[in-house]
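Trainee: Sharing a structure, written as structure tokens. Questions coming.
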Amino acid sequence: MARPSTGTPHLRIPCPHAGCGWAEKHAERTRVRLTDRDSATVAAVCLHHGPYQATITLTSGAYLDLATLYRNLVKELALTNPTAGGTLHVMVKGGDWVFGSLLIDEALQAVGLTHTQLPTRLFCPQIVTDTGAKLSRSLIREGRATLPTGAAPWMLDTRQWPGSITEYTDQLLAVTAILLSDPRHFFRSYSATEISRIMTAPATRSVPSP
């Protein structure tokens, strides 16, 4: 039976064991001890590797994690800081984040922001598989999903692009020009096959090779 959400933003720290990254979702066995103003020691228990501990500092490399919605709330609230010196921060998100952003906007207003202070976001089209599911690079890399028909290896790792960096940049800019040519492109999804076709078609512009 699933545990109902309490609305509590549990802090968690990923297991430092190579290739693991386990973190307790509800922080039942996670304990945080502040050592001074700039550091904290966190102890937790990994289901695979047992107890572990990490010290969080500005330079240690270890970090405290939050659930996705809370993490985005903290990030976007930080970008609305009036001391930013007049900088306009624009966040680029996938189209699947449209509804999640509505929740974040409500939370931002709950802590005092007005409509005019809400962050600017640009939602990009999703790339989907032949079944309509979102093309998830993380699931494919973890072996929990297969590379769909029509998708190319360079979609997961740009180093596998068959041409030069200049050619890849050319094609990427050409795709961007196509998407920006009409707002309707941002209200639909693209199959991996279609993106592959557009990316490998002759570019409409050229950047001289070095």
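Trainee: For the range 97-105, indicate whether the set of residues that are open to solvent by 70 Å² or more (accessible area, probe 1.4 Å), of a type outside the set (Val, Ile, Thr) and under 20 Å from HIS185 (Cα atoms) is non-empty. Steps first, answer last, please.
Mentor: Here is the first cut: in the range 97-105, the residues open to solvent by 70 Å² or more (accessible area, probe 1.4 Å) are 99, 102-103.
In the following step, the residues that additionally are of a type outside the set (Val, Ile, Thr) were identified as 99, 102-103.
In the following step, the residues that additionally are under 20 Å from HIS185 (Cα atoms) were identified as 99.
Looking for residues that are open to solvent by 70 Å² or more (accessible area, probe 1.4 Å), of a type outside the set (Val, Ile, Thr) and under 20 Å from HIS185 (Cα atoms), one finds at least one in the range 97-105, hence yes.
Trainee: State whether the residues of the range 93-102 include one that is at positive phi and out of contact with any helix residue (DSSP H, G or I) (no Cβ under 7 Å at 6 or more places or on another chain). Let's see the steps before the verdict.
Mentor: Applying the first criterion (at positive phi) to the range 93-102 yields none.
Within the range 93-102, none of the residues are at positive phi and out of contact with any helix residue (DSSP H, G or I) (no Cβ under 7 Å at 6 or more places or on another chain).
Trainee: In this structure, does ARG71 turn out to be open to solvent by 50 Å² or more (accessible area, probe 1.4 Å), touching a strand residue (DSSP E or B) at 6+ places or on another chain (Cβ under 9 Å), over 26 Å from SER181 (Cβ atoms) and free of Cβ contacts under 8 Å to residues at least 12 places away in the same chain?
Mentor: Details: open to solvent by 50 Å² or more (accessible area, probe 1.4 Å): yes; touching a strand residue (DSSP E or B) at 6+ places or on another chain (Cβ under 9 Å): yes; over 26 Å from SER181 (Cβ atoms): yes; free of Cβ contacts under 8 Å to residues at least 12 places away in the same chain: yes.
Judged against the criteria, ARG71 is a match.
Trainee: Moving on. Being open to solvent by 40 Å² or more (accessible area, probe 1.4 Å), modelled with pLDDT of 85 or more and either farther than 26 Å from GLY21 by Cβ or touching a helix residue (DSSP H, G or I) at 6+ places or on another chain (Cβ under 6 Å) (or both), is that true of even one residue in the range 127-135? Please lay out each step first, then the result.
Mentor: Taking the range 127-135 first, the residues open to solvent by 40 Å² or more (accessible area, probe 1.4 Å) are 127, 130-134.
This time we only want the ones that are modelled with pLDDT of 85 or more, so: 127.
Among the residues that remain, those that are also either farther than 26 Å from GLY21 by Cβ or touching a helix residue (DSSP H, G or I) at 6+ places or on another chain (Cβ under 6 Å) (or both) are: 127.
Yes, some residue in the range 127-135 is open to solvent by 40 Å² or more (accessible area, probe 1.4 Å), modelled with pLDDT of 85 or more and either farther than 26 Å from GLY21 by Cβ or touching a helix residue (DSSP H, G or I) at 6+ places or on another chain (Cβ under 6 Å) (or both).
Trainee: From the list THR114, THR149, THR158, which one is within 27 Å of PHE187 (Cβ to Cβ), open to solvent by 60 Å² or more (accessible area, probe 1.4 Å) and at pLDDT 85 or above? Full working, then the answer.
Mentor: On the way: THR114 fails: within 27 Å of PHE187 (Cβ to Cβ); THR149 fails: at pLDDT 85 or above.
Exactly one residue qualifies, and that residue is THR158.
Trainee: Could you please let me know if THR120 is over 24 Å from PHE186 (Cβ atoms) and loosely packed, with under 11 Cβ neighbours inside 10 Å?
Mentor: Details: over 24 Å from PHE186 (Cβ atoms): no; loosely packed, with under 11 Cβ neighbours inside 10 Å: yes.
No: the conditions fail for THR120.
Trainee: Now for a different question. Could you check ALA44 against (1) in contact with a strand residue (DSSP E or B) (Cβ under 8 Å, 6 or more places away or on another chain); (2) under 30 Å from LEU156 (Cα atoms); (3) buried (at least 16 other Cβ atoms within 10 Å of the Cβ) and say which number it fails?
Mentor: (2)
Trainee: Considering (1) closer than 30 Å to GLY19 by Cα; (2) surrounded by 10 or more Cβ atoms within 10 Å (Cβ to Cβ); (3) at pLDDT below 85, say which one LEU179 fails and leave the rest.
Mentor: (1)
The values are calculated or read from the model by the stated rules, or taken from the named source; none is laboratory data. Computed from a predicted structure; not experimentally measured. Neighbour counts run over all protein chains shown; Cβ positions are idealised from the backbone, glycine included. When the accessible area is computed, the model is the full protein with side chains, heavy atoms only, and any ligands, DNA or RNA have been set aside. Shrake-Rupley method; radii C 1.70, N 1.55, O 1.52, S 1.80 Å.
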